[in-house]
Amino acid sequence: GISASSCSAAAEVKHSQWNNLERLDFTVDGRAALLIVPPKADVGRPWIWRTEFFGHEPQADIALTAKGFHIAYVNVQNLYGSPTALDAMDKFYDHVTSEYGLMPKVALEGFSRGGLFALNWAARHPERVACIYNDAPVCDFKSWPGGKGKGKGSPADWKRCLDAYGLTEPEALAYKLNPVDNLAPLAKLKVPLLHVCGDADDVVPFAENTKLIEERYKALGGPIEVIVKPGIGHHPHSLKDPQPIVDFVYKHTAALDK
């Protein structure tokens with residue numbers, strides 16, 4: 001039968017609509033979380049996990065629901081991909097894979113600072129990741145919010161970031177687990193990466209983030225595709241026609257259960 005706890009959990013799910021799709025809101029370990037349900041789930045119940053800025057430039061996500069993907073989000077804002085955030089992401093992953101039967105391998109999606117969450121969680125659990133689509137992603141907190149390179153940085157975010165990681169500034173500058181320094185776990189399992197970026201980004205500079213990831217991941221034998229938008233800054237995110245993103249995500253997840 002169904003345990004009392006799962007009954008009460010089920011009762012606490014709020015149903016609504018998002019872009020003509022069913023939206024479920026619930027909490028996991030005290031954090032707000034949501035799932036967007038596709039009209040018809042694909043074989044194996046694939047899903048894409050937007051790690052930050054749910055609903056911003058959602059064209060790729062919406063196109064994927066038409067291919068049977070769920071969209072997932074849990075609120076780990078202002079934690080900058082720190083271990084505290086990753087622990088919360090672990091609990092969310094356990095919840096949606098057990099309660100909703102979602103595929104054990106997820107497509108991660110990191111917009112801007114969401115790149116820290118996507119890449120750090122993937123390095124912790126590479127075996128749980130089908131692929132990662134990152135969009136103008138932060139790949140090193142020294143670049144943003146630290147502003148230690150060419151980017152503007154964000155002093156308020158930098159202070160919160162240090163607090164989230166429990167680091168002093170000198171410790172943070174020596175920290176070795178930023179995505180740019182921690183690609184070996186992903187490369188070992190050949191997790192496919194797609195990065196979509198503007199080459200004129202002055203908030204999350206391409207050279208300090210995606211370019212480093214591309215060079216280092218290739219050197220480690222990891223598969224990566226980079227779509228560069230000439231003359232484009234940090235915004236707009238995504239692509240007007242999201243087909244290349246959709247094709248990438250679908251190719252690397254649909255194959256898993258066929």
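The figures follow:
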read-out: Whole-number accessible area per residue in Å² for region 201-258, which is evaluated in the context of all protein chains at 1.4 Å; value: 51 Å²
read-out: Accessible area of region 158-258 belonging to carbon and sulfur atoms, whole % at 1.4 Å probe; value: 60 percent
read-out: Candidates SER143, SER16, SER238: whichever shows maximal mean-square fluctuation once the chain is modelled as a Gaussian network with Cα springs under 10 Å; value: SER16
read-out: Around PRO58: net Lys/Arg minus Asp/Glu count, Cβ-Cβ under 11 Å; value: -2
read-out: Summed side-chain charge close to ILE213 - residues other than ILE213 whose Cβ falls under 11 Å, Lys, Arg +1, Asp, Glu -1; value: -2
read-out: Region 94-137 versus region 187-225: alpha-carbon centroid distance in Å; value: 16 Å
read-out: Lysine pair number, Cα distance threshold 22 Å (strictly under), region 88-203, separation 8 or more or different chains; value: 14
read-out: Value of [θ]222 nm, deg cm²/dmol, for the chain, DSSP H segments ≥ 4, -39500 (n - 2.57) each, nearest 500; value: -10000 deg cm²/dmol
read-out: For region 134-185, accessible area per residue (1.4 Å probe, heavy atoms of protein chains only), Å²; value: 45 Å²
read-out: Cβ-based net charge around ASN178, under 14 Å, with every Lys or Arg adding one and every Asp or Glu removing one; value: +2
read-out: Exposure rank, largest accessible area first [HIS195, HIS95; 1.4 Å]; value: HIS95, HIS195
read-out: With Cα atoms, 0 to 90° folded angle of helix 83-99 axis to the chain main axis; value: 20 degrees
read-out: Ranked order, ARG31, ARG113 - accessible area, probe 1.4 Å, largest first; value: ARG31, ARG113
read-out: Between 0 and 90°, nearest 10: helix 155-165 axis offset from the chain longest Cα axis; value: 60 degrees
read-out: In degrees, nearest ten, helix 243-254 long axis to first principal axis of the chain (Cα); value: 60 degrees
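The values are calculated or read from the model by the stated rules, or taken from the named source; none is laboratory data. What you are looking at is a predicted structure, and each value in this text was computed from that prediction instead of being measured. Cβ sites come from the backbone with ideal geometry, for glycine too, and all protein chains shown count toward neighbours. These area figures cover heavy atoms from the full protein model, side chains too; ligands, DNA and RNA do not enter into them. Shrake-Rupley method; radii C 1.70, N 1.55, O 1.52, S 1.80 Å.
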